[in-house]
1. Quick one: which of Lys36/Lys224; Lys52/Lys224; Lys80/Lys167; Lys36/Lys138; Lys23/Lys224 span more than 25 angstrom between C-alpha atoms?
2. Which value, in Å² rounded to 10, gives the accessible area of Met38 with a 1.4 Å probe and all protein chains present?
3. When the chain is treated as a GNM, springs tying every alpha-carbon pair under 10 Å, which of Asn150, Asn57, Asn122 comes out with the largest mean-square fluctuation?
4. Report, largest value first, the span of the C-alpha coordinates of segment 5-45 along each principal axis, in whole Å.
5. What's the center-to-center distance, using Cα atoms, between segment 1-30 and segment 161-228 in Å?
6. What nm value, rounded to one decimal, do you get for the distance between Arg33 and Arg208 when each label is placed 7 Å out toward the C-beta?
7. How much length would be gained if the chain were fully extended between Gln198 and Lys168, taking 0.36 nm per residue of separation minus their Cα-Cα distance, in nm to one decimal?
8. By accessible area of protein heavy atoms, probe 1.4 Å, what ranking do Val129, Val35, Val65 get, highest first?
Amino acid sequence: MITVHHLNNSRSQRILWMLEELKLEYEIIRYKRDVKTMLGPISLREIHPLGKSPIINDDSSGEKVIIAESGAIIEYLMQKYGKNSSLITPKYGSQQERDYRYWLHFSEGSLIPPLLLRLIFNRVKSSPVPFFVKPITKAISNKILTGFVNPNIQSLLDFIESSLEGKKWFLGDYLSGADIQMSFPLESSIANGIIDEQYSAIQSYVERIHQQPAYQSALLRGGKYDYA
Ligand SMILES: N[C@@H](CCC(=O)N[C@@H](CS)C(=O)NCC(=O)O)C(=O)O
């Protein structure tokens, strides 16, 4: 049986979607973020030292497999259970496979870091500090945001927008694990107003994701998720 260690409103929603696409049986162990810090509970560290979600266990082959990192989980599930599923397995060595790997890694490697920086510096701006320090923390945060973080996010989104124009999924007509991996940063950016109407290809793409029957089944299994 596969077990998903699922943190609310998090990247692990992607793994539930993937498991639904693969039509696999799985169970969910739920963890709740601290409402103030947004961090996961300490009990997640008993499953993996970093205590980040998603993590899966898979004991279906007799061996006790534990995998963390959503990209690694997607690759594992794809290799082990992806054959003849609704998700495409690109031919090894093909351009399609290079594109698949590119977007699979792009999500956590290129897109999420500046989104996280934006979140952090916006929090720094609004966090309580002595009144005489406030103008300084605000000015430094604004400088980093406007000089580095926001232009970086914009060029990444422009690139994603042009890559999706005229396409259904990142690999054209075929849904793949790369789409699953790209879903979380794009849908959370829409929910946070970072992606607006000027990015119409991204918006339609995320709407298409939300219409996938397996995506909707994952929502029903996972419970409340703020980005759908
Ligand atoms: N690159 C990792 C990131 C994992 C991660 O940071 N997960 C967040 C949820 S979106 C988390 O567990 N946060 C809670 C915490 O850091 O305590 C992945 O893709 O799995």
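The values are calculated or read from the model by the stated rules, or taken from the named source; none is laboratory data. Quick caveat: nothing in here was measured; it's all calculated off a predicted structure. Here Cβ is always computed from backbone atoms with ideal geometry, including for glycine, and neighbour counts include all displayed protein chains. Keep in mind that these areas ignore ligands, DNA and RNA; they rest on the heavy atoms of the full protein, side chains included. Shrake-Rupley method; radii C 1.70, N 1.55, O 1.52, S 1.80 Å.
1. Details: Lys36/Lys224 18 Å; Lys52/Lys224 19 Å; Lys80/Lys167 28 Å; Lys36/Lys138 21 Å; Lys23/Lys224 21 Å.
Listed pairs above 25 Å: Lys80/Lys167.
2. 70
3. It is Asn122.
4. Principal-axis extents of segment 5-45 (Cα, largest first): 35, 16, 12 Å.
5. 17
6. 2.8
7. Details: separation 30, 0.36 × 30 = 10.80 nm, distance 1.80 nm.
Here the answer is 9.0 nm.
8. Numbers: Val129 55, Val35 135, Val65 30 Å².
In descending accessible area the options line up as Val35, Val129, Val65.
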